[in-house]
Amino acid sequence: MNKKLMAVAVAAALAAPAAALAQTTIYGKFNLEYGFVSQMDDPAGISRNNADGFNSGASNVGIRGEEKMGGGMSTWYQCETRARFGVDTSPGQGTSGICDRNSALGLKGGFGNFFVGRWDTAMENVSGSTRVVGSTGYQGVQHMLTEDQGQFGISFAQRVQNSFNYNSPNFGGFTVDFSTTTTGAALNTGAGAAAQAVKEGRIYSMAAKYAAGPLVAYGGYEKHDDNQALVSGGAIDGASENMFTFGASYVFGPVKVAMVYTDMDADVTAATDVSRKAWQLAGDWKITGPGTIRAAYTSADDFKGSAAGAAANDQGAQQYSLHYIHALSKRTSAAVYYSKVDNDTNGVYNFHGFNSTVKPGDSASAIAFQLTHSF
């Protein structure tokens, strides 16, 4: 009898860890692009005319888990790490460490979801709802919609550390998200007001979204308050960056149409500022069971404001994208697409994540092949 009881106890002890691990999953995505870029003749020798390269941006491996605690409440965690195995188009974008993508510890229940860690801001997270095409890679439009292609160091494509985040419950399709950061980074800067000014502030981000049936619509706002490490001219006490965005999409049977609009402004120096609007129209059409055609037009308007300079009227650009995506299985897809960047006379935009610069006033085209697998 004692032997039977011991056997049951040992079996229970061995089963307990397995039951706990049953709530933990390993997931990931491997994204590989191989593209050919061609641009107009370059007699000044500023950049290459033709190039090819790989891009594995957005590839990741992660673990996530959840424990039910009763009363409808759970604790959860996620650790997601970049898996860039093909980066010769942007060598500086290699893996930087464990949990360097969306990673956090949180509590969720009837009150919503509260979590702390490194995560996309509320506005960054919602901005992909109606973008249709990717944010990075040869087809990526992040540099036009939520960044300024490095002109003034403005970026609202933020995945921030030291962040507090809240997602509301779903009220008939309507949700609200908030996020902000700590000021702890300022403790590690040098002495003096100028050094503290770079990191003494916070990032505030919020978004409201409605998603029900064929309609998705959202609005978002983000403010970088005294938190501009990339501002040209160095640290500026009291400087800020702001962005407002909204978007919508609607599904008509096999066809989806979508739009995104962004409006940013920022202090560039203590006495000058700059602003810019950008927008996108896009859609996709499921022409067969496994096949989808996708198209997008993205435009970055001219810069305005006292920091824009004499050439402000010609600093914009347009990007055109046309894709064919074929689902090989539920988790694997192959695609081929054409993308073109067309700079205005003084525009400096290029393909996001590719290391070849498109000259001001020039245009460049890319044909890329993509294979994606999720697990």
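The values are calculated or read from the model by the stated rules, or taken from the named source; none is laboratory data. These numbers come from a predicted model, not from an experiment. Cβ atoms come from the backbone with ideal geometry, glycine included; neighbour counts cover every protein chain shown.
Quick notes
- Taking the listed residues Ala334, Ala307, Ala296, the one that is small (Gly, Ala, Ser), in contact (Cβ under 8 Å) with a residue 40 or more places away in the chain and not in a loop (DSSP other than H, G, I, E, B) is Ala296, with no other qualifying.
- Scanning the stretch 257-271 for residues that are in a loop (DSSP other than H, G, I, E, B), in contact with a Lys or Arg (Cβ under 6 Å, 6 or more places away or on another chain) and surrounded by fewer than 17 Cβ atoms within 10 Å (Cβ to Cβ) turns up nothing.
- Test: residue in the stretch 265-274 that is hydrophobic (A, V, I, L, M, F, W, C) and within 16 Å of Val133 (Cα to Cα): no
- Just so you know, in the stretch 187-226 the residues that are touching a strand residue (DSSP E or B) at 6+ places or on another chain (Cβ under 6 Å) and not in a strand (DSSP E or B) include one that is modelled with the highest pLDDT, and it is Pro214.
- Of residues in the stretch 145-164 being assigned to a loop (DSSP other than H, G, I, E, B) and among the hydrophobic types (A, V, I, L, M, F, W, C), the one surrounded by the fewest Cβ atoms within 10 Å (Cβ to Cβ): Ala157
- Scanning the stretch 318-329 for residues that are touching a residue at least 24 places away in the same chain (Cβ under 8 Å) and either surrounded by fewer than 17 Cβ atoms within 10 Å (Cβ to Cβ) or out of contact with any helix residue (DSSP H, G or I) (no Cβ under 7 Å at 6 or more places or on another chain) (or both) returns Gln318, Tyr320, Ser321, Leu322, His323, Tyr324, Ile325, His326, Ala327, Leu328.
- Set Phe115, Phe171: member being under 16 Å from Ala208 (Cβ atoms) and either surrounded by fewer than 19 Cβ atoms within 10 Å (Cβ to Cβ) or in contact (Cβ under 8 Å) with a residue 12 or more places away in the chain (or both): Phe171
- Per the listing Gly92, Gly97, Gly28, the residue uniquely modelled with pLDDT of 85 or more and among the small types (Gly, Ala, Ser) is Gly28.
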